[in-house]
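Student: Attaching a single structure in C-alpha coordinates format; questions to follow.
The values are calculated or read from the model by the stated rules, or taken from the named source; none is laboratory data. Please read these numbers as outputs of a predicted model, since none were measured by experiment. Don't worry about glycine lacking a Cβ; one is built from the backbone with ideal geometry, like all the others, and counts go over all protein chains shown.
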Amino acid sequence: MPSHSSSSGQARLLAVGALVLSMLSLQVGAAFAKQLFPIIGPIATTGLRSGFAALVLCLLWRPWRGARLRRRQWLTVLLYGLSLGLMNLCFYNSLHFLPLGVAVAVEFTGPFCLALASSRRPLDFVWLGLAVAGLLGLDLPWRGAPPLSGPGLALALAAGACWAAYILFGQRVGRFLPGGRASALGQFFAATLTLPLGVASGGAAILSLPVLMVAFVVAMMSGAIPYSLEMISLKRMPAKTFSILVSLEPAVGAAVGWLGLHEHLSPLRLLAMAALIIASLGCTATSRR
(Lines give C-alpha, C1' and ligand atoms only; values in the text may rest on other atoms or scores of the structure.)
Protein backbone atom coordinates (compact mmCIF):
# COMPACT_ATOMS: atom_id res chain seq x y z
CA MET A 1 0.00 0.00 0.00
CA PRO A 2 1.62 3.33 -1.07
CA SER A 3 2.53 5.78 1.66
CA HIS A 4 0.91 9.18 2.02
CA SER A 5 4.19 10.94 1.16
CA SER A 6 4.51 8.86 -2.02
CA SER A 7 1.00 9.72 -3.21
CA SER A 8 1.59 13.39 -2.31
CA GLY A 9 4.79 13.41 -4.36
CA GLN A 10 2.99 11.89 -7.33
CA ALA A 11 0.28 14.56 -7.07
CA ARG A 12 2.91 17.32 -7.07
CA LEU A 13 4.66 15.75 -10.05
CA LEU A 14 1.34 15.52 -11.92
CA ALA A 15 0.57 19.17 -11.09
CA VAL A 16 3.96 20.41 -12.30
CA GLY A 17 3.79 18.25 -15.44
CA ALA A 18 0.29 19.51 -16.27
CA LEU A 19 1.39 23.13 -15.82
CA VAL A 20 4.48 22.70 -18.00
CA LEU A 21 2.33 21.11 -20.72
CA SER A 22 -0.16 23.97 -20.34
CA MET A 23 2.52 26.62 -20.89
CA LEU A 24 3.97 24.66 -23.79
CA SER A 25 0.54 24.25 -25.39
CA LEU A 26 -0.16 27.97 -25.03
CA GLN A 27 3.09 29.02 -26.68
CA VAL A 28 2.90 26.41 -29.45
CA GLY A 29 -0.62 27.68 -30.14
CA ALA A 30 0.77 31.21 -30.46
CA ALA A 31 3.45 29.92 -32.84
CA PHE A 32 0.77 28.28 -35.00
CA ALA A 33 -1.19 31.54 -34.92
CA LYS A 34 1.84 33.42 -36.19
CA GLN A 35 1.92 31.11 -39.23
CA LEU A 36 -1.49 32.47 -40.22
CA PHE A 37 -0.43 36.14 -40.15
CA PRO A 38 0.93 36.23 -43.75
CA ILE A 39 -2.37 34.75 -44.99
CA ILE A 40 -5.13 36.51 -43.02
CA GLY A 41 -3.32 38.85 -40.61
CA PRO A 42 -3.28 38.98 -36.78
CA ILE A 43 -6.73 40.54 -36.38
CA ALA A 44 -8.50 37.81 -38.36
CA THR A 45 -6.41 35.16 -36.58
CA THR A 46 -7.56 36.55 -33.22
CA GLY A 47 -11.17 36.57 -34.37
CA LEU A 48 -11.11 32.95 -35.54
CA ARG A 49 -9.30 31.82 -32.38
CA SER A 50 -11.87 33.53 -30.15
CA GLY A 51 -14.79 32.29 -32.24
CA PHE A 52 -13.73 28.65 -32.14
CA ALA A 53 -12.83 28.84 -28.44
CA ALA A 54 -16.21 30.37 -27.61
CA LEU A 55 -18.04 27.70 -29.63
CA VAL A 56 -16.22 24.82 -27.90
CA LEU A 57 -16.54 26.27 -24.40
CA CYS A 58 -20.23 27.11 -24.84
CA LEU A 59 -20.98 23.58 -26.10
CA LEU A 60 -18.96 22.13 -23.22
CA TRP A 61 -20.29 24.24 -20.33
CA ARG A 62 -23.69 25.42 -21.65
CA PRO A 63 -23.48 28.79 -19.88
CA TRP A 64 -27.11 29.64 -20.58
CA ARG A 65 -28.02 27.20 -17.84
CA GLY A 66 -27.85 28.12 -14.18
CA ALA A 67 -29.04 31.00 -12.03
CA ARG A 68 -30.08 34.21 -13.76
CA LEU A 69 -27.67 37.10 -13.44
CA ARG A 70 -28.51 40.63 -12.36
CA ARG A 71 -27.74 43.58 -14.64
CA ARG A 72 -24.62 44.59 -12.70
CA GLN A 73 -23.33 41.01 -12.84
CA TRP A 74 -23.86 40.90 -16.60
CA LEU A 75 -21.86 44.14 -16.90
CA THR A 76 -18.99 42.56 -14.96
CA VAL A 77 -19.05 39.47 -17.19
CA LEU A 78 -19.11 41.73 -20.28
CA LEU A 79 -16.06 43.67 -19.08
CA TYR A 80 -14.33 40.38 -18.25
CA GLY A 81 -14.92 39.11 -21.78
CA LEU A 82 -13.98 42.39 -23.48
CA SER A 83 -10.71 42.59 -21.53
CA LEU A 84 -9.94 39.02 -22.68
CA GLY A 85 -10.73 39.91 -26.29
CA LEU A 86 -8.62 43.08 -26.20
CA MET A 87 -5.76 41.20 -24.53
CA ASN A 88 -5.68 38.60 -27.32
CA LEU A 89 -6.09 41.26 -29.99
CA CYS A 90 -3.18 43.33 -28.67
CA PHE A 91 -0.97 40.30 -28.04
CA TYR A 92 -1.45 38.73 -31.47
CA ASN A 93 -0.85 42.09 -33.14
CA SER A 94 2.35 42.49 -31.09
CA LEU A 95 3.51 39.10 -32.43
CA HIS A 96 3.32 40.61 -35.91
CA PHE A 97 6.28 42.84 -34.90
CA LEU A 98 8.07 41.02 -32.05
CA PRO A 99 9.62 37.60 -31.38
CA LEU A 100 7.32 35.35 -29.36
CA GLY A 101 9.50 35.24 -26.23
CA VAL A 102 9.90 39.02 -26.14
CA ALA A 103 6.16 39.63 -26.57
CA VAL A 104 5.33 37.22 -23.74
CA ALA A 105 7.95 38.79 -21.46
CA VAL A 106 6.67 42.33 -22.06
CA GLU A 107 3.05 41.22 -21.64
CA PHE A 108 3.94 39.86 -18.17
CA THR A 109 4.45 43.44 -16.97
CA GLY A 110 0.66 43.74 -16.63
CA PRO A 111 0.08 41.15 -13.89
CA PHE A 112 3.50 42.05 -12.41
CA CYS A 113 2.48 45.68 -11.89
CA LEU A 114 -0.89 44.53 -10.58
CA ALA A 115 0.90 42.43 -7.97
CA LEU A 116 3.00 45.43 -6.93
CA ALA A 117 0.12 47.92 -6.89
CA SER A 118 -0.91 47.28 -3.29
CA SER A 119 2.61 46.83 -1.89
CA ARG A 120 4.96 49.39 -0.36
CA ARG A 121 7.77 47.13 0.90
CA PRO A 122 11.33 48.17 -0.04
CA LEU A 123 12.03 44.71 -1.51
CA ASP A 124 9.20 45.13 -4.02
CA PHE A 125 10.87 48.24 -5.40
CA VAL A 126 13.95 46.10 -6.05
CA TRP A 127 11.82 43.79 -8.21
CA LEU A 128 10.28 46.83 -9.91
CA GLY A 129 13.72 48.25 -10.71
CA LEU A 130 14.86 44.90 -12.09
CA ALA A 131 11.76 44.71 -14.31
CA VAL A 132 12.33 48.25 -15.63
CA ALA A 133 15.98 47.40 -16.33
CA GLY A 134 14.84 44.31 -18.20
CA LEU A 135 12.38 46.28 -20.31
CA LEU A 136 14.98 48.89 -21.18
CA GLY A 137 17.58 46.21 -21.89
CA LEU A 138 15.34 44.54 -24.47
CA ASP A 139 15.91 47.37 -26.93
CA LEU A 140 19.60 48.10 -26.34
CA PRO A 141 21.76 47.61 -29.47
CA TRP A 142 23.88 44.47 -29.72
CA ARG A 143 26.43 44.13 -32.53
CA GLY A 144 24.22 45.57 -35.23
CA ALA A 145 21.03 43.74 -34.21
CA PRO A 146 17.99 45.73 -35.38
CA PRO A 147 16.00 47.51 -32.66
CA LEU A 148 12.68 46.11 -31.56
CA SER A 149 9.52 47.56 -33.08
CA GLY A 150 8.06 50.47 -31.10
CA PRO A 151 4.46 49.62 -32.10
CA GLY A 152 5.13 45.99 -31.19
CA LEU A 153 6.34 46.91 -27.70
CA ALA A 154 3.39 49.27 -27.21
CA LEU A 155 0.95 46.53 -28.23
CA ALA A 156 2.60 44.00 -25.89
CA LEU A 157 2.38 46.52 -23.02
CA ALA A 158 -1.27 47.13 -23.89
CA ALA A 159 -1.85 43.37 -23.82
CA GLY A 160 -0.30 43.33 -20.34
CA ALA A 161 -2.63 46.10 -19.18
CA CYS A 162 -5.61 44.16 -20.55
CA TRP A 163 -4.31 41.04 -18.79
CA ALA A 164 -4.32 42.93 -15.47
CA ALA A 165 -7.90 44.07 -16.14
CA TYR A 166 -8.85 40.50 -17.08
CA ILE A 167 -7.50 39.28 -13.73
CA LEU A 168 -9.42 41.92 -11.78
CA PHE A 169 -12.71 41.33 -13.56
CA GLY A 170 -12.13 37.57 -13.45
CA GLN A 171 -11.85 37.73 -9.65
CA ARG A 172 -15.17 39.57 -9.47
CA VAL A 173 -16.87 37.16 -11.86
CA GLY A 174 -15.57 34.22 -9.85
CA ARG A 175 -17.55 35.40 -6.83
CA PHE A 176 -20.90 34.67 -8.47
CA LEU A 177 -20.18 32.25 -11.35
CA PRO A 178 -18.50 28.81 -11.43
CA GLY A 179 -15.29 28.63 -13.46
CA GLY A 180 -16.61 26.78 -16.51
CA ARG A 181 -19.62 29.02 -17.01
CA ALA A 182 -17.53 32.15 -16.41
CA SER A 183 -14.93 31.10 -18.97
CA ALA A 184 -17.56 30.26 -21.58
CA LEU A 185 -19.38 33.57 -21.16
CA GLY A 186 -16.13 35.50 -21.09
CA GLN A 187 -14.94 33.84 -24.29
CA PHE A 188 -18.33 34.48 -25.90
CA PHE A 189 -18.11 38.22 -25.24
CA ALA A 190 -14.47 38.20 -26.37
CA ALA A 191 -15.63 36.66 -29.65
CA THR A 192 -18.37 39.28 -30.09
CA LEU A 193 -15.60 41.88 -30.11
CA THR A 194 -12.89 40.12 -32.13
CA LEU A 195 -14.80 37.94 -34.60
CA PRO A 196 -16.53 40.78 -36.51
CA LEU A 197 -13.19 42.64 -36.68
CA GLY A 198 -11.55 39.45 -37.91
CA VAL A 199 -14.14 38.88 -40.64
CA ALA A 200 -13.79 42.48 -41.81
CA SER A 201 -9.99 42.24 -41.77
CA GLY A 202 -9.50 38.78 -43.26
CA GLY A 203 -12.17 38.82 -45.92
CA ALA A 204 -12.81 35.69 -47.98
CA ALA A 205 -9.42 34.20 -47.05
CA ILE A 206 -10.74 33.16 -43.63
CA LEU A 207 -13.15 30.72 -45.32
CA SER A 208 -10.28 28.60 -46.62
CA LEU A 209 -10.44 25.10 -45.11
CA PRO A 210 -6.69 24.95 -44.26
CA VAL A 211 -6.97 28.34 -42.53
CA LEU A 212 -10.01 27.23 -40.54
CA MET A 213 -8.27 24.01 -39.52
CA VAL A 214 -5.15 25.80 -38.27
CA ALA A 215 -7.31 28.39 -36.48
CA PHE A 216 -9.19 25.59 -34.72
CA VAL A 217 -5.88 24.06 -33.61
CA VAL A 218 -4.81 27.50 -32.31
CA ALA A 219 -8.08 27.84 -30.37
CA MET A 220 -7.65 24.43 -28.77
CA MET A 221 -3.95 24.82 -27.94
CA SER A 222 -4.31 28.38 -26.70
CA GLY A 223 -7.62 27.93 -24.89
CA ALA A 224 -9.32 24.65 -24.10
CA ILE A 225 -6.20 22.49 -23.56
CA PRO A 226 -4.15 24.84 -21.33
CA TYR A 227 -7.26 25.83 -19.36
CA SER A 228 -8.02 22.18 -18.58
CA LEU A 229 -4.38 21.46 -17.66
CA GLU A 230 -4.23 24.50 -15.39
CA MET A 231 -7.31 23.30 -13.54
CA ILE A 232 -5.48 20.00 -12.88
CA SER A 233 -2.49 21.95 -11.53
CA LEU A 234 -4.44 24.35 -9.34
CA LYS A 235 -6.21 21.48 -7.59
CA ARG A 236 -2.89 19.86 -6.66
CA MET A 237 -0.51 22.73 -5.83
CA PRO A 238 -0.63 25.96 -3.80
CA ALA A 239 -1.60 29.07 -5.76
CA LYS A 240 1.72 30.73 -4.89
CA THR A 241 3.71 27.81 -6.33
CA PHE A 242 1.50 27.92 -9.42
CA SER A 243 2.22 31.64 -9.89
CA ILE A 244 5.97 31.15 -9.46
CA LEU A 245 6.08 28.45 -12.13
CA VAL A 246 3.90 30.48 -14.52
CA SER A 247 6.52 33.27 -14.28
CA LEU A 248 8.74 31.02 -16.40
CA GLU A 249 6.37 31.30 -19.37
CA PRO A 250 8.48 33.92 -21.23
CA ALA A 251 11.34 31.40 -21.26
CA VAL A 252 8.99 28.79 -22.73
CA GLY A 253 7.87 31.32 -25.33
CA ALA A 254 11.48 32.11 -26.27
CA ALA A 255 12.28 28.40 -26.62
CA VAL A 256 9.22 27.76 -28.80
CA GLY A 257 10.01 30.84 -30.90
CA TRP A 258 13.59 29.65 -31.39
CA LEU A 259 12.72 26.05 -32.22
CA GLY A 260 9.47 26.54 -34.14
CA LEU A 261 9.78 29.99 -35.69
CA HIS A 262 13.60 30.33 -35.93
CA GLU A 263 13.50 33.54 -33.87
CA HIS A 264 17.02 34.08 -32.56
CA LEU A 265 17.51 36.55 -29.70
CA SER A 266 20.77 38.33 -28.93
CA PRO A 267 22.55 37.52 -25.64
CA LEU A 268 21.64 40.99 -24.34
CA ARG A 269 17.93 40.45 -25.02
CA LEU A 270 18.07 37.03 -23.38
CA LEU A 271 19.67 38.68 -20.35
CA ALA A 272 16.96 41.37 -20.32
CA MET A 273 14.25 38.67 -20.50
CA ALA A 274 15.98 36.85 -17.63
CA ALA A 275 15.78 40.06 -15.57
CA LEU A 276 12.03 40.28 -16.22
CA ILE A 277 11.54 36.63 -15.29
CA ILE A 278 13.60 37.01 -12.08
CA ALA A 279 11.61 40.12 -11.14
CA SER A 280 8.33 38.23 -11.58
CA LEU A 281 9.66 35.20 -9.70
CA GLY A 282 10.99 37.37 -6.87
CA CYS A 283 7.80 39.38 -6.56
CA THR A 284 5.70 36.22 -6.38
CA ALA A 285 8.02 34.29 -4.07
CA THR A 286 8.31 37.09 -1.52
CA SER A 287 4.68 38.21 -1.59
CA ARG A 288 2.77 38.00 1.65
CA ARG A 289 -0.45 36.80 0.02
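Student: Just checking, which of 8, 83, 94, 25 is over 21 Å from residue 164 (Cβ atoms), hydroxyl-bearing (Ser, Thr, Tyr) and either in contact (Cβ under 8 Å) with a residue 24 or more places away in the chain or touching a Leu at 6+ places or on another chain (Cβ under 9 Å) (or both)?
Tutor: Among 8, 83, 94, 25, only 25 is over 21 Å from residue 164 (Cβ atoms), hydroxyl-bearing (Ser, Thr, Tyr) and either in contact (Cβ under 8 Å) with a residue 24 or more places away in the chain or touching a Leu at 6+ places or on another chain (Cβ under 9 Å) (or both).
Student: Which members of segment 72-120 meet the condition of being under 30 Å from residue 286 (Cα atoms), touching a Ser or Thr at 6+ places or on another chain (Cβ under 8 Å) and in a loop (DSSP other than H, G, I, E, B)?
Tutor: 108, 119
Student: Shifting gears a bit: For segment 16-51, what are the residues that are in contact with a Pro (Cβ under 7 Å, 6 or more places away or on another chain) and over 19 Å from residue 90 (Cα atoms)?
Tutor: Those that are in contact with a Pro (Cβ under 7 Å, 6 or more places away or on another chain) and over 19 Å from residue 90 (Cα atoms): 22, 25.
Student: Looking only at segment 120-153, count every residue that is under 19 Å from residue 107 (Cβ atoms), small (Gly, Ala, Ser) and touching a residue at least 12 places away in the same chain (Cβ under 8 Å) and tell me the total.
Tutor: Of the residues in that region, 6 qualify.
Student: Residue check: is residue 261 within 13 Å of the chain's Cα centre (by Cα), closer than 21 Å to residue 98 by Cβ and either at pLDDT below 90 or surrounded by fewer than 19 Cβ atoms within 10 Å (Cβ to Cβ) (or both)?
Tutor: Judged against the criteria, residue 261 is not a match.
Student: Can you find, within segment 58-71, the residue that is modelled with the highest pLDDT among those that are surrounded by 10 or more Cβ atoms within 10 Å (Cβ to Cβ) and assigned to a helix (DSSP H, G or I)?
Tutor: Once the filter is applied, the top-ranked residue is 58.
Student: In segment 2-30, which residue that is over 27 Å from the mean Cα position of the chain (by Cα) and assigned to a helix (DSSP H, G or I) is modelled with the highest pLDDT?
Tutor: This residue is 10.
Student: Here is a further query. List the pairs whose first member sits in segment 97-119 and is surrounded by fewer than 20 Cβ atoms within 10 Å (Cβ to Cβ), whose second member is not aromatic (Phe, Trp, Tyr) and not in a helix (DSSP H, G or I), and whose Cβ atoms are under 7 Å apart, counting only residues at least 6 apart or on separate chains?
Tutor: Listed by first residue and then by second, the contacts come to 97/149; 115/287.
Student: Could you tell me which of the residues 79, 55 is within 19 Å of the chain's Cα centre (by Cα) and surrounded by fewer than 24 Cβ atoms within 10 Å (Cβ to Cβ)?
Tutor: Being within 19 Å of the chain's Cα centre (by Cα) and surrounded by fewer than 24 Cβ atoms within 10 Å (Cβ to Cβ) holds for just one of 79, 55, which is 79.
Student: Is it fair to say residue 133 is at pLDDT 90 or above and either outside any helix (DSSP H, G or I) or at negative phi (or both)?
Tutor: Spelling it out, residue 133 is indeed at pLDDT 90 or above and either outside any helix (DSSP H, G or I) or at negative phi (or both).
Student: Let me ask something else about it. If you take the residues in segment 139-194 that are basic (Lys, Arg) and in a helix (DSSP H, G or I), which one is surrounded by the most Cβ atoms within 10 Å (Cβ to Cβ)?
Tutor: Here the answer is 181.
Student: Answer yes or no: is there a residue in segment 237-244 that is in a loop (DSSP other than H, G, I, E, B), free of Cβ contacts under 8 Å to residues at least 40 places away in the same chain and on the phi < 0 side of the Ramachandran plot.
Tutor: For segment 237-244, residues in a loop (DSSP other than H, G, I, E, B), free of Cβ contacts under 8 Å to residues at least 40 places away in the same chain and on the phi < 0 side of the Ramachandran plot: present.
Student: Given the criteria closer than 18 Å to residue 29 by Cα, under 22 Å from the mean Cα position of the chain (by Cα) and either crowded, with 17+ Cβ neighbours inside 10 Å or in contact (Cβ under 8 Å) with a residue 12 or more places away in the chain (or both), does residue 215 qualify?
Tutor: yes
Student: List the number of the failed condition for residue 176; all other conditions in (1) under 26 Å from residue 232 (Cβ atoms); (2) free of Cβ contacts under 8 Å to residues at least 40 places away in the same chain hold.
Tutor: Against the list (1) under 26 Å from residue 232 (Cβ atoms); (2) free of Cβ contacts under 8 Å to residues at least 40 places away in the same chain, residue 176 comes up short only on (2).
Student: Something else: Are any residues in segment 249-258 of a type in the set (A, V, I, L, M) and surrounded by 17 or more Cβ atoms within 10 Å (Cβ to Cβ), and if so, which ones?
Tutor: 251, 252, 254, 256
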